[in-house]
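Asker: Supplied in structure tokens, the structure appears directly below.
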């Protein structure tokens, strides 16, 4: 009899495809969702047992783990990363889980300027001390992140993000879920390891724009937007102040080439059991599913209105956000690109010797 597997963040970007893949493999899945909505209903229709609860609630986590042997810990990008990891690890230890797959982060380090990256690193220490086996997934910049700009890309032919000339091998949500599910289905060969799922090819921002050009059949131009303007756009779209404060640092690491280090990998193929999806394949799926991709007078007007709204939006005051959210400032904090500690564990030896980064 196959063990029951708990998937947290089950309605999210990587949680949903993890549930799908585990069900396809014939595993009973308990999906932890924050609330009832269309996606939790879709999971139920697929055959998952959906339970409602919060990663902040030890009692809810304990109940969700009853009768469970393995779990995928997939926390959100919101304040409280370390607290949620501690609560989850406590519940998992009390439930005597066999193995937990943890969604980590490529930039995690104890000295990173982004609090989220520091708390991801601290969370890894919590799991390292836990009485169950752990496998960590540490993806970098997801392909999904570019799709936030799908409307201006499709309607105005403008791919404007503050990426500099940084390169990335963007993984799909589906491929990350495929790797998580493969490890949960047969954890023994993977215990104690950290995997970095990537797409199959390193791409520059211009090459990403070229992919949209090919698929849309009209020119798309990459514009290296200023970080300040991009954060204004994010604020105008309702992105939380916490996420904005963390993107401020993550995008600077992108510009410095940190997401291109050591990529691409063979993790999706070797662990997930299938070739990683190309960026073109991923974009095709988003274009099919997004109303923003259809070029109409109304959609073009909306895209222009979004730019005007962003221009008129007051830029975020990052110091004020840090003070209000009580984000601790760390003396000596740095980007991953400038961290000797991070580089020593993430940059391949050949690149260290050549000084490439």
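Bear in mind that the values in this text are calculations on the coordinates, not laboratory data. Computed from a predicted model, the values in this text were never measured in an experiment. Here Cβ is always computed from backbone atoms with ideal geometry, including for glycine, and neighbour counts include all displayed protein chains.
Asker: Can you tell me the mean projection area, over all orientations, of the convex hull of region 178-322's alpha carbons? Units nm², please.
Answerer: Mean shadow area of the hull around the Cα atoms is 11.4 nm².
Asker: Provide the percentage of antiparallel DSSP beta bridges, counting only those with both residues in the chain; round to the nearest 5.
Answerer: 5 percent
Asker: Roughly what % of Cα-Cα distances in region 157-239 sit above 18 Å, to the whole percent?
Answerer: Counting every Cα pair in region 157-239, those more than 18 Å apart make up 61 percent.
Asker: Here is a further query. Could you compute how fast region 114-260 diffuses translationally, taking Rh as the Kirkwood radius over C-alpha pairs and applying Stokes-Einstein at 4 °C with viscosity 1.567 mPa s? Give it in µm² per second.
Answerer: 76 µm²/s
Asker: If you bin every alpha carbon distance in region 1-156 into 10 Å steps from zero, what whole percent lands in each bin?
Answerer: 11, 39, 34, 13, 3, 0
Asker: Roughly how many whole Å is it from the C-alpha centroid of region 97-144 to that of region 297-351?
Answerer: Rounded to whole Å, the Cα centres lie 20 Å apart.
Asker: In addition: For the chain, what's the relative contact order in percent, using C-alpha pairs closer than 8 Å and at least 6 residues apart?
Answerer: Averaging sequence separation for qualifying contacts and normalising by length gives 17 percent for the chain.
Asker: Right, another one. Quick one: helix 15-24 against the long Cα principal axis of the chain, what's the angle to the nearest 10°, folded into 0 to 90?
Answerer: 50 degrees
Asker: Per the helix-only calculation at 222 nm, which mean residue ellipticity applies to the chain, given -39500 (n - 2.57) for every DSSP H run of n ≥ 4 and division by its residues, nearest 500 deg cm²/dmol?
Answerer: Only helices count here, giving -13500 deg cm²/dmol.
Asker: Take the Cα radius of gyration of region 115-179 and divide it by 2.2 N^0.38 Å, with N its residue count; two decimals is plenty.
Answerer: Relative to the 2.2 N^0.38 Å estimate, region 115-179 comes out at 1.54.
Asker: Now for a separate question. Just want to confirm a number: the relative contact order over region 42-91, from Cα pairs under 8 angstrom separated by 6+ residues, in percent.
Answerer: Computed over region 42-91, the figure is 39 percent.
Asker: Along the principal axes of its C-alpha atoms, what lengths does region 236-357 span, in descending order and rounded to whole Å?
Answerer: For region 236-357, the Cα extents along the three principal axes come out at 53, 45, 25 Å.
Asker: Using a 10 Å cut-off around each Cβ, can you sort 129, 249 from fewest to most neighbouring Cβ atoms?
Answerer: So the ranking, lowest neighbour count to highest, is 129, 249.
Asker: For the chain, report the convex hull volume of the alpha-carbon atoms normalised per residue, in Å³, without decimals.
Answerer: Value for the chain: 141 Å³ per residue.
Asker: Run the paramagnetic zone check for residue 207: 7 angstrom along Cα to Cβ, then residues of region 160-195 with backbone nitrogen under 19 Å.
Answerer: Under cut-off, by backbone N: 160-173.
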